[in-house]
Structures are given as C-alpha cells and as structure tokens.
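The structure under discussion appears below in the form of structure tokens.
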Amino acid sequence: MITRRNFVKSMSTIAASIALMGTASLANAADTIKVGILHSLSGTMAISETSLKDMALMTIAEINKKGGVLGKQLEPVVVDPASDWPLFATKARQLLSQDKVAVTFGCWTSVSRKSVLPVYKELNGLLFYPVQYEGEELEKNVFYTGAAPNQQAIPAVEYLLSKDGGAAKRFVLLGTDYVYPRTTNKILRAFLHSKGIKDADIMEEYTPFGHSDYQTIVANIKKFATGGKTAVVSTINGDSNVPFYKELGNAGLKAKDVPVVAFSVGEEELRGVDAKPLVGHLAAWNYFMSLKNPANDEFKKKWAAYAKSAKLPTAGKPLTNDPMEATYIGINMWKQAVEKAGTTDVNKVIAAMGGQKFVAPSGFTAEMDAKNHHLHKPVMIGEVKADGQFKVVWKTPGPIKAQPWSPFIAGNDKKPDEPAK
Amino acid sequence: MLQTNTFPKHECLGIHPAVRFFAMLFVSLIFSGNQAWALTGAEKVALVRGESEQRLQMLDKVLAQGDVTATVYLQQLLDDAVRLDGDKVLIVTDEGATNVMTGERTKPSEAAEEVINNNRIQSELEASIATLNLLSQDASVRLAAAQKLQGTEANSSRLLLIAKAEKVETDGKIRALLQQVRASIELTSDNKATRLAAAATLAASSNSSIKQMLSSRLAADGETDAEVKAAITQALKKIDRDLATFELLGQVFTGISLGSILLLAALGLAVTYGLMGVINMAHGEMMMIGAYATFLVQNLFLKYLPAHFQWYLLAAIPAAFLLTALVGILIERSVLRSLYGRPLETLLATWGISLILMQSVRSLFGAQNVQVENPAWMSGGIEVAANLVLPYNRIFIIAFAALVLVMMWLMISKTRLGLFIRAVTQNRGMASCSGVNTSKVDALAFGLGSGIAGLAGVALSQIGNVGPALGQSYIVDSFMVVVLGGVGQLAGAVYAALGLGILSKFFEGMAGAVLAKILILVIVIIFIQKRPQGLFAFKGRVID
C-alpha cells in the first residue's frame with residue numbers, strides 16, 4: 001500500500017536522485033562525451049527499435065572498456081520518442097540543445113527521420129540512421145548506415161527475375177501504406193518496366209498499419225498468379241507480417257510456387273512467429289545472423305554476453321539482425337572519425353567520416369563513401385528456415401556503392417552524389 | 001506372383017497384372033541401361049557442388065537412369081540431411097554421418113554446413129522424386145507422385161519417363177493425371193498437332209497452376225501459331241468458368257471468417273456495454289490477457305506435457321476464460337462499482353486501466369510479441385478446389401465463435417444468473433426489491449463479459465500477433481459492432497458482425513484494404529446518424 005507519507009517520501013527520493021544525477025553529469029561533463037540514443041522504447045515501433053537501443057548501449061560499453069574516445073568515456077543519453085513522429089523532433093532538439101550530445105544514433109521509420117531532419121540541420125547536429133530506406137535524400141548532417149534501394153530492393157527483384165529466383169514474369173508489390181513502401185514500389189515499377197514487364201503484370205496493394213486480415217489479399221495473389229509465374233515483393237512493416245505469412249501458409253501458397261521477398265522482415269521480426277509455414281520465403285538484407293565468419297561469431301558472442309549481463313528480456317534467445325549490425329558499424333565508424341579528426345566538432349567529424357573502413361559482422365569491410373554519406377555494403381538474399389533464421393542463397397561478390405538517388409526516378413540523374421554544403 | 005493378387009480389380013483395366021509388372025520391370029531396365037543401379041559417390045557429390053545450373057544438369061542425368069533407389073538420396077538432399085564438410089560430402093542422419101564417396105562412417109566437424117538448395121533446386125528435386133516414384137509398384141505412391149507433378153514446369157528429360165509410365169499405367173485415375181502432366185510439357189513441343197492436342201487435354205483440368213502455364217504460353221514470347229492460340233484461349237475460358245464459382249464461395253467464406261472474429265471480439269462487449277452500459281475501454285486488454293493466458297498454457301505444455309502439446313489450445317480455453325473473468329471481477333469490484341451511472345468517468349477510468357494492463361504486460365513479458373504456435377491440426381486447410389482452400393484455423397474460429405454465441409445465449413436466456421442479469425439491466429431498483437443481490441450480479445456479469453473477451457483472445461492468438469497492444473486493434477471494431485447492432489441486443493451484434501465482415505471483404509476485393517476500411521467507417525457513421533438506435537431497437541421499458 002502506498003500511503004500518502006510513503007508517497008511523499010518516495011517522491012522526494014526520486015527528486016533527490018534526479019538532482020544527484022544532474023550534479024553528477026555536470027561534474028563529469030568535462031571528461032565524458034555525450035552520445036544521444038533516439039529510439040522508440042514504447043508504442044508500435046518498440047518491437048523493432050528496442051534492440052537497436054540495446055545494441056548502441058553495448059557498443060558504447062565496449063568502446064568505454066577499451067579506454068573510450070580521445071581518452072574520454074562515452075556517456076549515453078537515452079530518450080524515448082514513443083513511436084510518436086512529432087515527439088521525435090522534440091526529443092532530438094532536447095538532445096542537441098539541452099544535453100549537447102556530440103552525435104545521435106537513432107530513428108527507424110522514414111517518417112521519424114523526416115521529422116528530426118530540420119532540427120539536425122538547424123542546430124548542425126550529427127545523426128546516424130541505421131535502417132534500410134527508400135533513398136531520395138542526402139543530408140550533410142546524416143550518415144546512412146542502412147541500405148539504399150540499389151543495395152536491397154533492386155538486387156532482390158533482379159534475383160526474382162533470374163532462373164534461380166524462379167524467373168518471375170509477374171509481380172505483386174505489397175506494402176504498408178506510408179512513404180517508404182510507396183517510394184520503393186515507385187522505383188521498383190520503373191525498374192520492372194526497364195526489364196520489359198508491363199503494368200498489366202504488376203499488381204500494387206497497400207494495407208493500413210497493423211492490418212491483420214490478409215485473406216482477401218492472399219486470395220487475390222493466388223488469382224493473379226494463375227496469369228503467369230508470379231513473385232511477391234513485400235514492404236509490409238511491423239507485426240502485420242505475422243498474419244500475412246500465416247495466411248500464406250494456410251492458403252497453401254508455397255515459396256516454390258509464389259516466392260515472397262520481404263525488405264522489412266528479419267530475425268527480430270520473426271521472433272514472435274512460427275517460422276515453419278514460411279520456409280523458403282525470402283528476405284533481402286546486408287547482414288544475416290546465420291553468416292559464418294570470425295567477425296560475426298565474435299559479434300554474436302558479445303551480444304549474447306551483453307544481453308545476459310544487462311538482463312534483457314530477450315537474453316534467453318539473443319538475436320542479431322541487419323539494423324543492429326548497421327548500428328554497430330555506425331558507432332564504431334563515428335569513433336574512428338572522431339579519433340582521426342581529434343575532436344567531436346560536427347563539421348570536422350563529417351569531413352573525417354568519408355573513407356572510414358570497418359570490418360563488419362557481415363564478413364566484408366564496410367566502407368563509408370568518400371562523398372555520399374552511405375556505406376558500401378554487400379547484398380544478400382536469404383531463405384527463411386524453420387527456426388526463424390535465414391540461409392543465404394545469393395550474395396554479391398563484394399560491397400556495392402549506394403545510390404541514394406535512384407536512377408529509376410525521373411530527374412534524379414541531375415542530382416549531385418554528395419550533400420549540399 | 002503373390003503380390004499381383006493384391007491389386008484390386010478396378011485397377012487392372014484390362015491389362016493383366018503380370019503383364020503390367022513385366023512392363024514396369026522392362027521400363028526400369030531400359031532406363032537403367034548398363035549403368036550401376038545405385039547412384040555413385042561421384043554423382044552424389046556432383047548433385048550438391050557447384051552452380052545451380054550444373055547441379056540441375058546432373059539431376060537430369062540421374063533422372064535419365066530411371067533408378068528408383070536414387071529417390072532416397074534426393075529426399076535426404078531435400079530434407080537438409082546432406083552436409084558439406086570441407087571437401088567431403090556427408091549424409092547426416094540420427095545414426096551418424098556417412099561419407100558419400102567412401103561410404104565410411106565419420107563424425108561431421110564443426111564447420112559442416114547444410115547444402116544450400118534454393119527454391120528452384122528444391123522444386124526440381126521434388127519433381128524428380130515424383131517422376132521416379134511413378135515407377136513404383138505401389139499404386140498409392142504413383143497416385144501421389146502424379147498429383148505432385150500437376151502443374152510442374154515443363155522439362156523434356158522428365159517427359160520421356162512420364163510418357164513411358166503413362167503407357168504402362170493401369171489405374172485410370174493416375175493415367176488421366178499423367179496425361180495432363182504430359183500435355184502441359186507438350187504444350188511447348190515443336191509439333192503443332194501435339195500442341196493442339198495438349199491444349200485440348202488441358203482444358204479438362206481446373207487446376208490453377210495449369211491455368212498459369214496456359215496463360216504464360218499466350219504471352220508475347222510464347223505461342224506464335226494462331227490456331228493453337230485459339231485453342232489455348234478456349235481452354236483458358238473453360239478453366240475460368242470452373243474457377244469462378246469457387247472464387248465467389250471463397251469471398252463469402254473470408255467474409256464470414258472476418259465476421260466471426262468481429263463477433264468474438266464484440267460478444268464480451270455486448271454484455272459489459274450492451275447489457276450493463278459500462279463503456280469499457282479496457283475490453284481490448286481483456287482479449288490481450290486471454291491471448292497471453294494461451295501463451296502461458298502453451299509454455300506449460302511445452303515444459304511439462306510435451307507429448308500432448310497438440311491439445312494445449314483446448315486447455316487454454318478454460319484457463320483464459322477464468323483468468324480474464326477474474327481480472328474483470330477484480331476491476332469491477334475495485335473501480336467500476338463506484339462509477340455506475342457516470343459514463344464519462346467510467347470511460348476515463350477504464351481507459352486508465354487499459355494503459356495499466358498494457359504496461360504491466362510489457363513489464364512482465366517484454367515489449368516484443370510472444371510466440372504462440374498453432375497446433376499442427378490448425379495448420380493447412382481443406383482444398384475444396386484448386387483455387388479455394390479453407391484454412392483449418394479459420395474454420396476452427398468460425399465454429400468456436402458459433403459455440404461461444406450459443407453458450408452465451410443459453411446462459412443469458414436459460415439460467416438463473418442470466419435472468420438476474422437481464423432483470424438488473426432492465427430495472428435495477430425493481431430487481432433489488434425482489435431480492436436480487438444486484439452488486440453481486442454486476443460483478444458476475446462483468447466477469448462474464450470479460451471472460452468472453454478472454455476467449456476471443458484465445459482465438460486471436462491463433463491468427464495474429466500476441467503483444468501488449470493486441471487489444472488496441474480490436475477495440476474500435478468491437479464498439480462498432482455493438483453500436484451498429486443496437487445496444488442491448490445480442491442478435492444485433494451477430495448480424496452486425498457478419499454484415500460488417502462480408503461487406504468489408506467485398507469492398508476490399510474491389511478497392512483495396514485501405515479504402516475498404518475508410519468506406520466501412522463512413523457507412524457506419526452515416527448509419528448511426530440515420531438510425532442511432534442501431535439495427536435492432538431495444539423493445540422494452542428500458543430505464544436510462
């Protein structure tokens with residue numbers, strides 16, 4: 001029972017500890033570097049973004065253990081924008097002007113990135129964005145460590161067109177109704193046209209966020225597939241994927257007949273799913289947990305150990321995925337750039353970022369492009385296995401350069417491959 | 001010739017069993033040629049190493065040998081039992097690992113990796129196994145193989161084997177299937193007459209994969225001859241006619257299925273809101289608790305009764321009902337009791353409760369979705385026609401919703417508690433005067449409504465996500481059903497749920513999911529404006 005006296009007492013304890021924390025950080029201000037972490041820890045995106053926050057904390061702890069950056073310890077400042085897009089901007093402003101963070105790692109959905117962008121431009125902050133996205137953006141204040149369309153969407157569709165991918169002649173572009181799927185599908189439609197596929201052979205469908213009844217859509221896909229060899233490109237985001245894949249399995253739509261390639265389904269998204277009906281369906285990423293190489297073995301081991309020591313609820317089954325890897329690469333590259341620049345000054349760090357290299361858990365050396373703020377990354381296509389992991393069935397021989405301005409959107413050929421100064 | 005006696009009479013179709021047996025043997029001999037019967041180690045290695053193209057060429061060679069025993073290795077390959085261990089190729093089974101080159105027993109090293117079979121190789125492997133199985137002695141194996149081959153892609157190296165098998169086939173059903181398989185391969189033949197005959201044969205099928213094959217043949221780079229084109233178009237038209245009826249049936253089924261889910265979600269609310277008048281914003285969270293109860297029961301079964309895991313769902317039904325009913329009674333006793341007759345405060349209080357419940361679940365189980373597995377008997381479905389599969393989980397939910405509805409109706413109209421609930425909701429003062437303990441009835445009624453929401457949670461856990469926000473996506477729909485059906489009416493809720501389900505599936509088919517959702521909301525708004533009392537007005541002396 002909380003009596004009133006108890007309540008007052010506990011409130012004053014909280015107040016006192018807040019005050020203490022305040023003075024503590026003031027006292028340390030001189031010998032730490034503050035790092036902002038801007039990921040939704042509640043609301044609809046918590047499912048995906050919580051693990052990115054934890055990955056950022058693990059990487060920071062690892063850097064601190066090795067002596068920090070420029071002899072200073074990193075001090076994470078974690079805020080929760082609660083899957084609320086305008087709140088992202090508020091929290092970003094707070095991180096930059098109140099906490100004075102040197103850099104921020106954060107955002108998942110494109111709409112949240114678009115929301116914080118004006119803040120980072122106005123206050124000249126630095127943001128590392130770790131998720132695959134639709135491109136059509138190149139900002140001086142942002143480094144994109146996820147994939148651009150030519151590092152995920154285009155190669156995936158090329159694979160579906162190839163003999164090994166089933167030589168599809170018709171395509172269903174299925175997505176959640178917001179900016180990322182719509183833009184990606186616009187690019188893909190133009191790409192398919194360039195491969196001689198006509199509009200009559202492309203079906204485009206959108207569902208609202210959180211849609212859970214895919215019976216009609218699966219029936220439509222089935223009907224569409226009778227017109228020729230069909231593949232589905234899914235940009236469905238979040239947990240709508242679960243009912244979608246369950247419906248696919250129950251309706252008897254096998255990966256061998258109609259393969260579904262997804263751009264937003266990874267190990268973490270399949271955690272809450274019985275993967276057996278999904279076996280054989282595809283996902284395109286730049287990293288999979290199942291990759292076998294020394295860098296990934298170490299990465300997975302570190303993550304499992306961290307999840308256990310931090311008592312994360314997922315510690316029983318620690319999973320890594322592509323955006324987590326991108327977060328890990330981003331923080332390490334930022335550290336290298338700060339050490340090269342000898343300062344955390346945003347303009348100098350931006351200048352030092354170009355050409356940074358890091359041996360990524362994907363087994364390849366990721367390299368920050370000298371000019372366009374995107375990573376050179378390998379592209380991989382994985383098939384879902386019964387345990388929710390992916391086996392890689394195709395990959396590029398090496399990392400490829402990002403094209404943030406997709407050549408499949410008219411007018412992009414004139415845009416410069418570097419941010420405006 | 002003892003085994004020939006086991007052939008049923010109707011299978012013989014005029015060919016003497018012994019003749020058939022020798023014919024089979026003869027076919028096998030032709031195809032085995034001078035080669036060894038079993039696959040050689042080198043062939044086994046060639047099937048797993050290199051590019052897909054080379055592996056498939058090897059598969060064609062293996063197929064040409066017509067050796068039924070090869071299916072064993074192909075099946076192992078398909079089941080991921082074949083591993084690459086450095087330069088060795090191993091078959092790993094429960095008994096241990098065998099090196100395919102030497103036949104020696106070894107232990108796989110740490111680095112041993114599964115052979116990667118992409119979808120293309122997998123379907124070729126399956127088709128090859130099925131083709132080889134056509135040579136089997138067992139009619140049921142041959143039938144399964146022939147069915148499997150329906151609609152597989154054209155491959156001329158399989159054609160030879162299939163044509164031979166068709167010739168010696170004695171079972172009429174299998175032979176008809178094989179004819180279609182052969183026709184679908186011959187559709188790409190160089191001979192025009194063969195193509196025409198193939199199109200005519202295929203018109204008899206109502207298989208959607210054959211339709212796919214015919215329509216791709218019509219595409220730009222396919223058929224050039226006008227006469228054959230006409231024949232294919234004719235065949236397509238016939239197949240389309242066969243499929244159209246089932247398509248309509250499918251639409252109705254999905255509508256009823258969505259309706260049954262809406263009904264399950266709304267039934268509990270029909271009691272708490274419809275009968276008791278409590279605007280219960282925490283109704284969705286009751287479903288969420290029911291779904292988490294299912295999750296817990298599933299884990300208990302996994303831990304203590306793994307042998308009976310199949311039946312965890314049946315145990316979850318009473319568990320979820322009791323747990324949510326208990327939570328409901330607790331909420332009613334602690335919070336709602338003092339708020340009767342103050343709808344605005346009730347709304348705020350129950351909304352607060354819903355937030356508390358969501359956050360507690362998040363703290364207990366984490367913000368991420370938990371994994372609720374479908375029991376095996378819920379996966380898959382009944383194939384009514386090639387384009388109409390009725391999934392078991394949907395059928396189960398429709399039956400479950402009907403069962404819950406009947407039980408609830410019996411409870412409300414036939415039991416003493418039901419009588420009390422009706423009495424208290426119609427005239428609280430009079431019921432109290434007649435000696436009904438109204439506050440106890442309130443608690444039980446709220447518990448009943450919550451328990452039914454818990455049952456809805458069990459059903460929802462089988463088709464969607466189980467996460468802290470599960471209830472949020474159903475609360476609006478539930479209110480919509482209850483309000484549309486007419487507050488205080490059970491029958492109204494049933495009609496409203498089925499109506500909304502079928503209507504929204506109909507719109508979705510026409511305009512897509514996003515527009516369908518909007519259209520439904522617009523229709524409901526207009527309807528409520530024109531008829532605020534809902535579909536069915538409550539006829540009686542209701543005291544407000």
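The values are calculated or read from the model by the stated rules, or taken from the named source; none is laboratory data. Only a predicted model underlies this, so the values are computations on that prediction, with no experimental measurement involved. Reconstructed Cβ throughout: ideal geometry from the backbone, glycine too, with neighbour counts over all protein chains shown. Side chains are part of the model used for accessible areas, which takes the heavy atoms of the whole protein and leaves out ligands, DNA and RNA. Shrake-Rupley method; radii C 1.70, N 1.55, O 1.52, S 1.80 Å.
Values as computed for the structure displayed
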quantity: Dmax and Rg, reported as Rg then Dmax, of chain A (C-alpha, Å); calculated: 22.2, 76
quantity: Among the listed pairs A:Lys66/B:Lys88; A:Lys121/A:Lys401; A:Lys100/A:Lys317; B:Lys173/B:Lys229; A:Lys34/A:Lys300; A:Lys140/A:Lys186, those beyond 31 Å (Cα-Cα); calculated: A:Lys66/B:Lys88; A:Lys100/A:Lys317
quantity: Low-density loop positions, trypsin sites (Lys or Arg not before Pro), segment B:459-544 - DSSP coil, at most 12 other Cβ in 10 Å; calculated: B:Lys539, B:Arg541
quantity: Mean accessible surface per residue for the protein assembly as shown, computed with a 1.4 Å probe while every protein chain stays in place, in Å²; calculated: 43 Å²
quantity: Mean-position separation - Cα centroids, segment A:52-95 and segment A:250-264, in angstrom; calculated: 38 Å
quantity: Compactness relative to 2.2 N^0.38 Å, alpha carbon Rg of segment A:171-245; calculated: 1.08
quantity: Cα convex hull of segment A:303-415, projected area averaged across orientations, nm²; calculated: 10.2 nm²
quantity: Protein-protein interface of segment B:115-153, residues with accessible area decrease of at least 50 Å², isolated chain reference, 1.4 Å probe; calculated: B:Ile116, B:Asn118, B:Asn119, B:Arg120
quantity: DSSP loop GluC sites (Glu not before Pro) with at most 15 other Cβ within 10 Å: longest gap in chain B; calculated: B:111-544
quantity: Charge sum, other residues only, whose C-beta stays under 15 Å from A:Thr207's C-beta, Lys/Arg counted +1 and Asp/Glu -1; calculated: -3
quantity: Cα centre as origin, Lys/Arg/Asp/Glu Cβ charges: chain A dipole, Debye; calculated: 460 debye
quantity: Percent breakdown of C-alpha pair distances by 10 Å bin, ordered from the shortest bin, for segment B:134-224; calculated: 17, 52, 26, 5, 0
quantity: About the Cα centre, charge dipole magnitude for segment B:250-530 (Lys/Arg +1, Asp/Glu -1 at Cβ), debye; calculated: 560 debye
quantity: Where B meets A: accessible area buried, both sides, 1.4 Å probe, Å²; calculated: 4200 Å²
quantity: Averaged over B:210-216, number of beta-carbon atoms from partner chains that fall within 10 Å; calculated: 5
quantity: Per DSSP, loop trypsin sites (Lys or Arg not before Pro) in segment B:43-121 with at most 15 further Cβ within 10 Å; calculated: B:Arg49
quantity: Highest to lowest packing among B:461-474, B:262-275, A:209-222, scored as the average C-beta count within 10 Å; calculated: B:262-275, B:461-474, A:209-222
quantity: Relative contact order of chain A, defined on C-alpha pairs under 8 angstrom at six or more residues apart (%); calculated: 17 percent
quantity: Shielded residues, segment A:216-231 - accessible-area loss of 10 Å² or more between chain alone and all protein chains, probe 1.4 Å; calculated: A:Thr216, A:Ile217, A:Asn220, A:Lys222, A:Lys223, A:Ala225, A:Thr226, A:Gly227, A:Gly228, A:Lys229
quantity: For segment B:362-402 and segment A:323-394, distance of Cα centres in Å; calculated: 40 Å
quantity: Size descriptor, Kirkwood hydrodynamic radius, that averages inverse alpha-carbon separations across segment B:253-404, Å; calculated: 17.4 Å
quantity: For segment B:250-530, convex hull of alpha carbons as volume per residue, Å³; calculated: 141 Å³
quantity: Global form of the protein assembly as shown, assessed from the alpha-carbon gyration tensor, a/c cut-off 1.5; calculated: oblate
quantity: Dimensionless Rg/Rh of chain B - Kirkwood Rh, Rg from C-alpha atoms; calculated: 1.11
quantity: Carbon plus sulfur fraction of accessible area for chain B, probe 1.4 Å, in percent; calculated: 63 percent
quantity: Partners for B:Lys107 among aspartates and glutamates (Cα-Cα distance below 20 Å; same-chain residues under 8 apart left out); calculated: B:Asp79, B:Asp80, B:Asp85, B:Asp87, B:Asp94, B:Glu95
quantity: Residues in segment A:164-207 occluded by at least 50 Å² - accessible area, probe radius 1.4 Å, against chain by itself; calculated: A:Asp164
quantity: Fraction in percent of alpha-carbon pairs per bin - 10 Å, segment B:265-344; calculated: 18, 41, 24, 13, 4, 0
quantity: Reduced Cα scattering model of segment A:100-251, Debye log10 I(q)/I(0), q = 0.15, 0.16, 0.19, 0.21 Å⁻¹; calculated: -0.84, -0.92, -1.16, -1.32
quantity: Within 10 Å of each Cβ in B:464-475, the average number of Cβ atoms from other chains; calculated: 4
quantity: Segment B:234-276: proportion of alpha-carbon pairs further apart than 13 angstrom, %; calculated: 66 percent
quantity: Surface share of carbon and sulfur [accessible, 1.4 angstrom probe, percent] for segment A:168-315; calculated: 56 percent
